[in-house]
Amino acid sequence: MGGCLARVARIAALVVGSVGINCLDAVAQEVVPDSYIVTYHADTLQARSLEATAFSTTAMEKRIGADAAVLRGPQAAHSVSAGGISSTEMFGRKQIDFCNDLINRRDDIASCSPNWVLRASAVPSDPRLSSLWGMTGTSGVAANAAWDTTTGSDSVVVAVIDTGIDYNHQDLSGNVWVNPLEIPNNGIDDDGNGVVDDVHGVNFSGNGRPVGDPFDDNSHGTHVAGTIGAIGNNAVGVVGVNWRVKLMGLKFLGANGSGSTAGAVQAINYLVDLKNRGINVRVVNNSWGGGGDSPVLREAIQRADTAGILFTAAAGNSGQNIDEIPQYPAAYTLANMLKVAAIDREGNLAYFSNYGARLVDVAAPGVDILSTVPGNQYASYSGTSMATPHVSGVAALYLSNHPNASVAEVKAAIIGGGRELASLVGLTSTGRTVDAQRAVLDISVPVQAPAAECPYDISQQPYSVDTASDRKRAVVTSDEEGFYRVSLPFSFPFEGQFRESMYLSPNGVVYFGSRPTAWDNRNQSTAPVNSIAALHTDLYPDPEVASGLGVRVATSGSKVTVSWKARVYDRQSESEQVIVRLTLFPSGVIDIGYSISSAGLRTALATATIGVKGNSLASSSTYGGTLFDGLRLRLTPGCQPSRGMGTQVKTVSAVGVMNKQERSAAIAGSKIVLRGQITGQGTVQLISRIDGKRCSKNTVMQVRERKLKRFGRVPFGVVAKRISFALVGDDGGVRVAALRIRSKSKKSGAKRAKSLRSSCDALMNSFN
């Protein structure tokens, strides 16, 4: 392919865009018959007119620029040589070959390309498309962009192992699979597979013999099916990732949403049998799980692998790390499996989603997902169950454009085409969310090996009280869910990466990366992923319970100190309190000191976790000694990350409007200037908020070392007390600038913007 790309880059320079062109593209694209676009070298134009350079005026349709023209093929071909390629034979590759011949023979031709046929972007008529953020939103799977290439295929069958499918639904019925081996409603097992009248699939949820009616009596499976393949462009309801596809219903979960491992195994065996009989089942969606390890289930999934079926699996909704607390089937490591976590509209891991830097592959939209439910209805659900069909849908869309692709090739396209999100680093094996357009076009970027992790050396020293942080107010005031974000005054090197911020937990942990899940008081054998566990246990730092309790933080340019003063939840004695102080230094050194009020409390804390952990199981460093009053642990990193990697946003300032805020003269149209200091080079995302509400539209910029300056304007018609901006580097580094503004006063005739969306669009467009 490399040689093809090099040749096409020269002969089709006019059509090479940000994505590029490859041999497959050249063959597949439509062209205007016998029509070519050429450009001429500037030195040629100085000597003679455009019309006189190479062809008679009868060969030219029109000039389209000072040095470019559209030529008609027959005259162009004749002028090359008698042995040239006849224009009547030129389709796809032959068009390119003609251009290649032309520029090799003509010194005055700088570039040549076929006159490609372009079409309007594919936008379906489904009225609720705008509500499908998982398809088209900033953090969605970019299905709308992929639809310009393919909208799916009736030849691809996706099995949905779930609660069944409402195969009569107005937005699904045309895409429901019909068994070509079975005669409907004749009461006979025509295909001899043990199931009578399995026209649209099978129901394995009962205790007796399976029946050929997978109708959904719960709604979960119908919701999943709609995300994969609700009919597109039918002016009804929603649209799936695939406008056209065939959905097979395999019901093993009953009306209450539960089922057995035996039912799941039967469903897998059924679709494998169909695949072996010639039915083109390529993907099976599995938005279920939670049971223990089952060798029989594992073997069934392996049989699906042998049959060439991709097995997508939901990671689960317990908010847990399945690397440490396995949930099945997502915890199996089989070649045909893609395990899926859920993200929200902001691109952050959903609070309920399971994760795993080793076992979970990718993430997809899974919060407030609108889709089909039984009875021609629609509803919004949340869960990794909703994320998984986005991935199954993208797999089917890819197969509609690459019908002979293997399971390995489908997985490679989805993972390689995924978009990296800083919020997913350390939470999935790739740190990526799914992008349908990049997958369908085979725009693949290999997943980089994790940054070098630096296990810490833990030494034990005496501890003297440092009360610097105790003078600060409590920043975490609740028992469980009061996480608090701290922007660090320096880049803190942790496990191979520089960190710009962290989250404080009430339970003795600081987290790097995305906000942790709602509950983190479970004792584990090691620290949670991407964390420092100063004393990870069920602490009770609520200051309303006892005076002085709380979590506090003090920052300076030379260190950051966090203190926890708390009871232990199951020991409510007023006299039993623990003080833990965690200090971070710019060198990466971590100090942890302990003050424990009683011997009984020391015994109770013996099971607490103390240590650090990066992105993988191998990176853990855990203290294994005795915990006592006056203990100081010094944790020294084994290596330092390189500052040449990624883009770190160091500082951001906003000027112009800010200087006028005292006079309330920050009127609509006033210039906004954002200045940033950058380390490294790469991409920076500019995100804005109006009165605390995040704009869905953002701007992505390529930046280089040290300097960034960006100009915008306050939109006309925006009435706001505060507009804030965040620059997010591709390593997750964030800096924020805020402007306290008002638009023109009532006297000037300004009107409030119609919606937050229109205000956001106007604001972000001003930076383009």
(request) Give Lys613/Lys693; Lys472/Lys693; Lys246/Lys693; Lys339/Lys565 a once-over and call out the pairs whose C-alpha atoms are over 31 Å from each other. (result) Lys613/Lys693; Lys246/Lys693; Lys339/Lys565
(request) Positive end of the charge dipole of segment 324-398 (Lys, Arg +1 and Asp, Glu -1 on Cβ, about the Cα centre): tell me which of Val362, Asn376, Thr333 has its Cα farthest that way. (result) Thr333
(message) Suppose accessible area is computed on protein heavy atoms with a 1.4 Å probe; arrange Phe585, Phe492 from highest to lowest.
(response) Phe585, Phe492
(request) Kindly sort Ile579, Ile592, Ile183 by accessible area of their heavy atoms, largest first, with the probe set to 1.4 Å. (result) Ile183, Ile579, Ile592
(message) Multiplying the sequence separation of Val211 and Arg345 by 0.36 nm and subtracting their Cα-Cα distance, what value in nm do you get?
(response) 44.3 nm
(request) Might you work out the accessible area of Lys62 for me, using a 1.4 Å probe with all protein chains in place, and round it to the nearest 10 Å²? (result) 120 Å²
(request) Using label points projected 7 Å from each Cα along Cα→Cβ, tell me how many nm separate Ser478 and Ser587, to one decimal. (result) 3.9 nm
(request) With no solvent and one equal point scatterer placed on each C-alpha of segment 221-369, evaluate the Debye formula and give log10 I(q)/I(0) for q = 0.09, 0.15 Å⁻¹, two decimals. (result) -0.29, -0.83
(request) May I ask you to derive the FRET efficiency for Cys639 and Asn186 from their Cβ-Cβ distance with R0 = 56 Å, giving the value to the nearest 0.05? (result) 0.20
(request) Set the Förster radius R0 to 56 Å, insert the Cβ-Cβ distance between Asn104 and Arg277 as r into 1/(1 + (r/R0)^6), and round the FRET efficiency to 0.05. (result) 0.60
(message) If R₀ is 35 angstrom, what is the calculated FRET efficiency for the pair Asp368 and Thr622, using the beta carbon separation as r and rounding to 0.05?
(response) 0.35
(message) How compact is segment 175-234 by the rule of thumb for globular proteins, expressed as Cα Rg over 2.2 N^0.38 Å?
(response) 1.26
(request) Give the accessible area for Trp147 in Å² (nearest 10); use a 1.4 Å probe, count only protein heavy atoms, and leave out ligands, DNA and RNA. (result) 10 Å²
(request) Determine the order of Tyr270, Tyr569 by accessible area, beginning with the largest, at a probe radius of 1.4 Å. (result) Tyr569, Tyr270
(request) Grab the Cα-Cα distance for Asp629 and His41, subtract it from 0.36 nm times how many residues apart they are, and report the gain in nm with one decimal. (result) 203.6 nm
(request) Report, largest value first, the span of the C-alpha coordinates of segment 201-264 along each principal axis, in whole Å. (result) 41, 19, 16
(message) Using alpha carbons only, how many angstrom separate the centre of segment 244-311 from the centre of segment 384-416?
(response) 16 Å
(request) Just read off the accessible area of Ser459 with the full protein assembly in place, 1.4 Å probe, to the nearest 10 Å². (result) 40 Å²
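The values are calculated or read from the model by the stated rules, or taken from the named source; none is laboratory data. Keep in mind the model is a prediction, meaning the values are calculated, not measured. So basically every Cβ, Gly included, is an ideal-geometry build from the backbone, and we count neighbours across all protein chains shown. Ligands, DNA and RNA are excluded from the accessible area calculation, which covers all protein heavy atoms including side chains. Shrake-Rupley method; radii C 1.70, N 1.55, O 1.52, S 1.80 Å.
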